[in-house]
Amino acid sequence: MQDSGLGAEADVVKVRRGYARNYLLPRGKAYEVTPAALRQLDTLKKKRAEREANELNEAEELARKIGDQTMVRIAVQGIESIYAEYQKRGGKVHPNGPLQTKPWGTKEFGPIDPNGVCVTFQE
């Protein structure tokens, strides 16, 4: 648990003696600055840096996944003839993308463009 305004985990902060003695130390929210505590503090800082690096890597990976799943939707008229022409030309359709009427009422299909982007045509 962190008290607002007192810093984050592994931060060294200065507080009044009474506040430390009567509140922070008895509740385990702070430790006195000793050589052993400073070593432990260094360990906590390293763990925090590792955790933050992992979180950053996870966020970057998520951004890549989202970028890989880019999608474009185009509203058209005469979707059956567009779908037939696309199939006749040997176009690649997303596995979930053959021509179908969706539960929300649109008729659509989802071809994959040469860059791997799913371009959904809907009517």
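What's the total number of residues in region 94-118 that are of a type in the set (A, V, I, L, M, F, W, C), surrounded by 11 or more Cβ atoms within 10 Å (Cβ to Cβ) and over 13 Å from Ile79 (Cβ atoms)?
Matching residues across region 94-118 total 3.
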| Mind checking which residues of region 22-53 are over 37 Å from the mean Cα position of the chain (by Cα) and assigned to a helix (DSSP H, G or I)? | Asn22, Tyr23, Pro35, Ala36
| Residues of region 91-113 satisfying the condition of being charged (D, E, K, R) and either more than 10 Å from Glu123 (Cα to Cα) or in contact with a Pro (Cβ under 6 Å, 6 or more places away or on another chain) (or both) | Lys92, Lys102, Asp113
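Here, each number is a calculation from the coordinates, and none is a lab measurement. None of these values were measured; they are calculated from a predicted model. Every residue, glycine among them, receives a Cβ derived from its backbone with ideal geometry; neighbour counts consider all protein chains shown.
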